[in-house]
Every structure is written in structure tokens, then in C-alpha cells.
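The values are calculated or read from the model by the stated rules, or taken from the named source; none is laboratory data. Here the structure is a predicted model, which means the values were calculated and not measured. As a convention, Cβ positions derive from the backbone with ideal geometry for all residues, glycine included, and neighbour counts pool all protein chains shown. Side chains are part of the model used for accessible areas, which takes the heavy atoms of the whole protein and leaves out ligands, DNA and RNA. Shrake-Rupley method; radii C 1.70, N 1.55, O 1.52, S 1.80 Å.
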Amino acid sequence: MINYIWIFMIGVGIVVGMINGRMGEVSKAIIDSSESAVTISIGLVGIMSLWLGIMQIAEKSGLMDMLAKVLKPAIIKLFPEIPKNHPAIGAMIMNISANMLGLGNAATPFGIKAMEYLQELNKRDVASNSMCTFLVINTASVQFLPAVMIGLRASLGAKNPADFVLAGLFSSITALTVGLVVVKSLEKSSLFKE
Amino acid sequence: MLKSISEFIIPAIMLLIPAYGLIKHVKIYEVFLDGAKEGINTIIKIFPALLAMLVAVGVLRASGTLDIFAKWISPLTAKIGMPSDVVPLAIIRPLSGSGALGIATELIKSHGPDSFTAKLASVMYGSTETTFYVLAVYFGSVGVKKMRHSIVAGIAADIAAILSSVFYSRLFF
């Protein structure tokens, strides 16, 4: 998919540039953009490393487990098909907590483990209701600290690079709510019954 | 009020997380160094995609394509109060995380980091994940082929994320 989008952007750009007689500007843009990719990336190294260091402390000091404890009752409610003490619950909670703290690298292994446990309960090549609910929570991504974006704004000279965090949090909670309402109301629909 | 809360976010995290770690007897300095060394790897990982998208958007902007597109779509986006420049970001966000990051970067750079467009782009980037990637990776990892209603729900969440990021940005900035 992204293959087509990329060539579409470049192709349309070059054709339109030709029609507009702006090939000089287009050539310059290609070179300048490559250069600014380097400047931006290097500018990001410092703040990115700082965040990852801080988040490593958060993980090692058990902040993730604390968050997991807070989330547990809600998770059990959302997955009525899963037995209360099934390991799938634990894996899902760890995945969601890690995602909330922006620990993407830590989140993925937990998420895959959770899917394996859910598949043990499911045993088919058709997604179970629990799988769909779990993945919608994952795609809506409620994140307390969008570290990459804060770093990016900072390296491009924003006065207060974290000023968007609250708006982002409200917005992703809205998306999560919509996603959950849709996933829960469609799970019994005959349209999606394998 | 909201502005002053957000000014405290970074310093508060910088102080509270290490302090909490110390209480929990974590060797905070060593652990910090250990985590921080991953920073450069993360950047190396996102650099190629950042480059690919910055060049593509650069071509679109320099050729005048974005101006034509903006003129064409603005009657629609004006209704929901969204600058037409942000439309490509909204389209790419569910498809490619690094692609979206590249486009957001270009927007922040070309409009200035403190512009409304830059703030909206930041909110929009952070408010949803790469839906199609998440579904493909996780379902693929256990061999599930029929995704049922998860796709519809994921897309509904994406649309909600895009609309609500415009709404909350209007409210806050």
C-alpha cells in the first residue's frame, strides 16, 4: 500500500511540476529535503535518548506494574469470554500499559504473547471477539507521553514542545471510546459472523 | 491554565520518575544510561522513512501540487475547521507510522513549530496508531486470516481520532 502512495506522491509531484514549469524548484526540493532529513534526525538523537533513559527508569522501578494494577478491573470487564485468571489477561494488560507509557519496544512482545494466548482459546483462523477488542484498544493508542513527537517539536525549535500532549490525550481517549463502542456493537452482528 | 499544566509536563517527568526509581532502590543513573543508548538506534531505524517522506512531500510542495490540492479540498475541510495542508497526514496516519511522522515533520518545519498547523499535526499523529500495521502484525503472528469487525472498528477509531484532534486543537490552541 505504502509503495503505491509513495510513487503516487513523487509521480504526481513531478508531472505537476513539469506542467507548472517548476522543475528547478522540484530538483532543489529533493536535495534540500534529503539534507533536512539528516538535520532533523540528528536533532532528535539527544531528546530521544533522554526519554528512553527516563522511561527505562520508569519500567525498572515498577511503574508499569502499578499502571497494570489500575487497568485490571476494566480489562476483565471488556473481555467477558476470557476466564478471569487466564494468562491472556496479564499479557494484554502489560501490552496496554507499555503502550500507554510509550514503550513501544516493550509493548510488542507482550502483545504477540497475548495474541497467542487468545488463539489458544480461539483455535480457528477466524478472529475471536476478544482479539478484535484487544486490537482496537491497541490501534487507538492512548499514550501519556508521545516522546517522539515532543522530541521532534523540540528539535525544530518549539517554545513549549509538550503543549499538545493534553489535546492529544483527550483526542485518543475519544478515538478509543468510539473504537470500543463500534467493536462491541458489531461483535454480534451477522455481517461479521465469520 | 492548560498552558501552565503543559509547561510542567517535561520538568515533572524529569524529576518524578527518577525520584520514584530511587525510592524503589533502582540504580537510576545506570538504568538511565542503559535506556538512553537505545536512542540513537531508534533514530537510525526511523531515518530512512523520514527521508523517503520528506523528499516525497518536498516534491509535492515545490511543484505546486499541494496548493492545487488544497484549493480543491478546502471547501470540505473548511467545514470541520481543518487546514487543508493536514489532509495528507490524515490519509497516511492509519497506513504508515513512519510515513505519517515524515509528513508531520514536514508540516512542522514548513509552518513553524508553534503554528496551529504544527500543533494539530502533533495531536493527530499522537492520537491514533497505524491501524493496518497493528492488525496485520498481530493477526499474522497467530495465523488468523479473517479479521471480522476489527477493521471497521479500527477505521472508525481512526476517523474519530482525526475529527477529535481537529476539535480539541481548536479548543486548546
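How large a share of the accessible area of segment A:2-192, in percent, is made up of carbon and sulfur atoms when the probe is 1.4 Å and the other protein chains stay in place? Each step should come with its number before you reach the end.
Details: 5790 of 8510 Å².
Exposed carbon and sulfur together represent 68 percent of the surface.
Placing +1 at every Lys and Arg Cβ and -1 at every Asp and Glu Cβ, with all other atoms neutral, what dipole size does segment B:19-84 have around its Cα centre, in debye to the nearest 20?
Dipole size: approximately 160 debye.
Please report how far the C-alpha centroid of segment A:121-194 lies from that of segment A:8-23, rounded to the nearest whole angstrom.
First find each Cα centre; the distance between them is then 36 Å.
In Å and whole numbers, how far do the C-alpha atoms of segment A:76-170 stretch along each principal axis, longest first?
Rounded to whole Å, the extents work out to 52, 23, 23 Å.
Before I look further, what does the protein assembly as shown give for accessible area per residue, probe 1.4 Å, in whole square angstrom?
Computed with neighbouring chains in place, this is 46 Å² per residue.
Report which residues of segment A:118-137 become buried by 40 Å² or more of accessible surface when going from the isolated chain to the complete set of protein chains (1.4 Å probe; DNA, RNA and ligands ignored).
Residues of segment A:118-137 that lose at least 40 Å² of accessible area once the other chains are added: A:125, A:127, A:132, A:135.
Full-extension gain between residue A:84 and residue A:144, please, as 0.36 nm times their residue separation minus the C-alpha to C-alpha distance.
Length difference between fully extended and current span is 18.9 nm.
What 222 nm value per residue comes from the helices of chain A, counting each DSSP H run with n ≥ 4 as -39,500 (n - 2.57) and dividing by all residues, nearest 500 deg cm²/dmol?
-26000 deg cm²/dmol
How about segment B:15-93: which trypsin sites (Lys or Arg not before Pro) there lie in a loop by DSSP and see at most 13 other Cβ atoms within 10 Å?
Sparse-neighbourhood loop trypsin sites (Lys or Arg not before Pro): B:24, B:27, B:37.
Tell me the trypsin sites (Lys or Arg not before Pro) within segment A:42-90 that lie in a loop according to DSSP and have at most 10 other beta-carbon atoms within 10 Å.
When the trypsin sites (Lys or Arg not before Pro) of segment A:42-90 are filtered for loop state and at most 10 Cβ neighbours within 10 Å, A:84 remain.
Equivalent ellipsoid semi-axes for segment A:12-102, as square roots of 5 times the alpha carbon gyration tensor eigenvalues: give them largest first, rounded to whole Å.
Working: eigenvalues 461, 92, 10 Å².
Calculated on Cα positions only, the semi-axes equal 48, 21, 7 Å.
Under a point spin-label approximation (7 Å from Cα along Cα-to-Cβ), what is the residue B:95-residue A:65 distance to one decimal in nm?
Reported label-point gap for residue B:95 and residue A:65 is 4.4 nm.
What's the extension gain from residue B:137 to residue B:7 if we count 0.36 nm per residue and subtract their Cα-Cα distance? Don't skip to the answer; put the middle values down first.
On the way: separation 130, 0.36 × 130 = 46.80 nm, distance 3.65 nm.
Gain in length upon complete extension: 43.2 nm.
Calculate, in nm to one decimal, what residue B:23 and residue B:170 gain on full extension: separation in residues at 0.36 nm each, minus their alpha carbon distance.
Full-extension gain reported as 48.8 nm.
Tell me, what is the Rg over Rh of segment B:18-173, with Rh the Kirkwood radius over Cα pairs?
Reported Rg/Rh, Kirkwood definition of Rh: 1.06.
Provide the buried accessible surface between chains B and A in square angstrom, both chains summed, 1.4 Å probe, rounded to the nearest 100.
8000
Please list the three semi-axes, largest first and in whole Å, of the ellipsoid equivalent to the protein assembly as shown, using sqrt of 5 times the eigenvalues of its alpha carbon gyration tensor.
34, 27, 19
Based on Cβ point charges of +1 for Lys and Arg and -1 for Asp and Glu, what charge dipole magnitude is obtained for the protein assembly as shown about its Cα centre, in debye rounded to the nearest 20? Numbers along the way, then the final one.
Numbers: 30 positive and 22 negative charges, 142 e Å.
Computed charge dipole of the protein assembly as shown: roughly 680 debye.
How far apart, in nm, are the 7 Å Cα→Cβ label points at residue A:120 and residue B:33?
Each label point lies 7 Å from its Cα, and together they span 4.0 nm.
Is there a quick way to get the dipole size of segment B:98-163? I mean about its Cα centre, with the Cβ of Lys and Arg at +1 and of Asp and Glu at -1; what is the value in debye to the nearest 20? Working shown, then result.
Details: 5 positive and 4 negative charges, 63 e Å.
Using only the charged Cβ atoms, the result is roughly 300 debye.
At most 15 other Cβ atoms within 10 Å and a DSSP loop assignment: could you name the trypsin sites (Lys or Arg not before Pro) in segment B:84-173 that fit?
Passing sites in segment B:84-173 are B:145.
Using only Cα atoms and rounding to the nearest 10 degrees, what angle (0 to 90) does helix A:165-186 make with the longest principal axis of chain A?
Tilt relative to chain A: about 50 degrees.
Separation between the residue B:73 and residue A:28 pseudo-spin-labels, each 7 Å from Cα along Cα→Cβ, expressed in nm?
For residue B:73 paired with residue A:28, the spin-label model returns 2.6 nm.
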